[in-house]
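Single-structure report; data block below.
The values are calculated or read from the model by the stated rules, or taken from the named source; none is laboratory data. Fair warning: this is a prediction, and the values are worked out from it, not measured in the lab. Here the Cβ positions follow ideal geometry from the backbone for every residue, glycine too, while neighbour counts run over all protein chains shown.
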Amino acid sequence: MATEIPDKLYFKIGEVCKITDVEPYILRYWESEFKLIKPYRTKSNQRLYRKKDVEAVLKIRKMLYEQKYTIAGAKKKLKEAAPQQEPRQQKQLSLNLPDQRYTAALKQIRAELMQLSRMLNRTTV
């Protein structure tokens, strides 16, 4: 049976514990062990979890409690299942936008910026 996660931006630790049926101390421990769980911290240092964090907790809980993985085994399995990330340089190179609409819009923006630059240069001289 799939667990229903409410449609919210952020969840407090108590809410995550109710949804996932995991104690707060276990959840805090899993944060230190699994890179998938990265709650946002408020100025008062309160944890706020996103939906993807809650989904990760549910996945880890299933692996540890139902499938009987060890912490090390679950880490290894999650690492193997994670999509391989491209290096940053390759991501930047892939931003070429062949669509003519984007090219035209960028040319328009560039022309407007050049015009603004010329206007500013005239007023400061």
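Key figures for this structure:
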quantity: Test: residue in segment 97-105 that is assigned by TED's automatic domain parsing to the domain that holds Glu33, at pLDDT 60 or above and β-branched (Val, Ile, Thr); calculated: no
quantity: Selection status of Arg122, under 19 Å from the mean Cα position of the chain (by Cα) and at pLDDT below 85; calculated: no
quantity: Restricting segment 9-43 to residues that are of a type in the set (Ser, Thr, Tyr) and over 15 Å from Arg61 (Cβ atoms), the residue that is surrounded by the most Cβ atoms within 10 Å (Cβ to Cβ); calculated: Tyr10
quantity: Some residue of segment 49-56 being modelled with pLDDT under 90 and in a loop (DSSP other than H, G, I, E, B); calculated: no
quantity: Flag for Leu36 being within 16 Å of the chain's Cα centre (by Cα) and either at pLDDT below 95 or not β-branched (Val, Ile, Thr) (or both); calculated: yes
